[in-house]
1. Quick one: net charge around Tyr59, please, counting Lys, Arg +1 and Asp, Glu -1 for every other residue with C-beta under 13 Å from its C-beta.
2. Mind listing the phi-derived Karplus ³J(HN,Hα) values for region 80-92, rounded to whole Hz, using 6.51, -1.76 and 1.60 with θ = phi - 60°, and x for any glycine or proline?
3. Quick one: Ile115, Ile144, Ile97, fewest Cβ neighbours within 10 Å first, how do they rank?
4. What ranking of Arg83, Arg72 emerges when the number of other C-beta atoms within 10 Å of each C-beta is taken as an exposure proxy, fewest first?
5. Among Thr108, Thr114, Thr101, Thr69, which comes first, then next, by fewest other beta-carbon atoms within 10 Å?
6. Taking a cut-off of 23 Å between Cα atoms, list the lysines near Lys51, but don't count ones fewer than 8 places away on the same chain.
7. Around Lys54, which amide H atoms from residues at least 5 apart in sequence, or from another chain, sit under 5 Å from its own amide H, with H modelled in the peptide plane?
8. Using θ = phi - 60° and the Karplus form 6.51 cos²θ - 1.76 cosθ + 1.60, what ³J(HN,Hα) does each residue of region 42-54 get, whole Hz, x for Gly and Pro?
Amino acid sequence: MSFSTLKATIITSGIAILVSTSCHNIKDGKKLNNSTVKLIRSLGLLEQDEKIIKYYSNYVEKGAGNFFTNKRIAHYWLDRSDRSKNDTSFAFYHDIISIDTVYVVPDTFSPYMTIKKSDSTEFKVYVDGNHNEIKSFFEEAINIWQAKK
């Protein structure tokens, strides 16, 4: 194995370990820090009268977030080094035609919901934790969607 191949392998392994250990717990929206809420507002993903119900970051809060509110389900990924890779996706409940859940994923991935919108677009909302926490997040989001659609 060449030095450059070994170096690339070590860097890739380090990144995988960092990402897998930097995951947060699912948070109640009321417990989010103000800087995260301000960031979400600045991304156009939260109106003044809107309340975040549950939130999860699969990286760091200033770089990624997945959540649902009393009005929508949303996801953001911000790449500070290459803004062309940024993604902010959301759907108001009345625009969602289906929500599919995936609990079983490879070790380096998080379970997710696929949100399909009436305009034929879709996006994923990632959540990790123990099975009961994930199930609770998914079910609560789906129950609110069903009540508001």
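Values in this text are rule-based calculations from the coordinates and carry no lab data. Worth saying up front: this structure is predicted, and the values here are computed from it rather than measured. Every residue, glycine among them, receives a Cβ derived from its backbone with ideal geometry; neighbour counts consider all protein chains shown.
1. Within the 13 Å Cβ shell, the charges total -1.
2. Those phi angles translate into 5, 8, 8, 4, 5, 8, 4, 9, 10, 10, 7, 9, 5 Hz.
3. The order, fewest Cβ neighbours first, is Ile97, Ile144, Ile115.
4. Arg83, Arg72
5. Thr108, Thr114, Thr101, Thr69
6. Cα-Cα hits under 23 Å: Lys27, Lys30, Lys31, Lys38, Lys62, Lys71, Lys116, Lys117, Lys124, Lys135, Lys148, Lys149.
7. Excluding prolines and chain starts, which carry no amide H, the hits are Gly29, Phe68.
8. Those phi angles translate into 5, 7, x, 9, 7, 8, 4, 8, 9, 10, 6, 8, 9 Hz.
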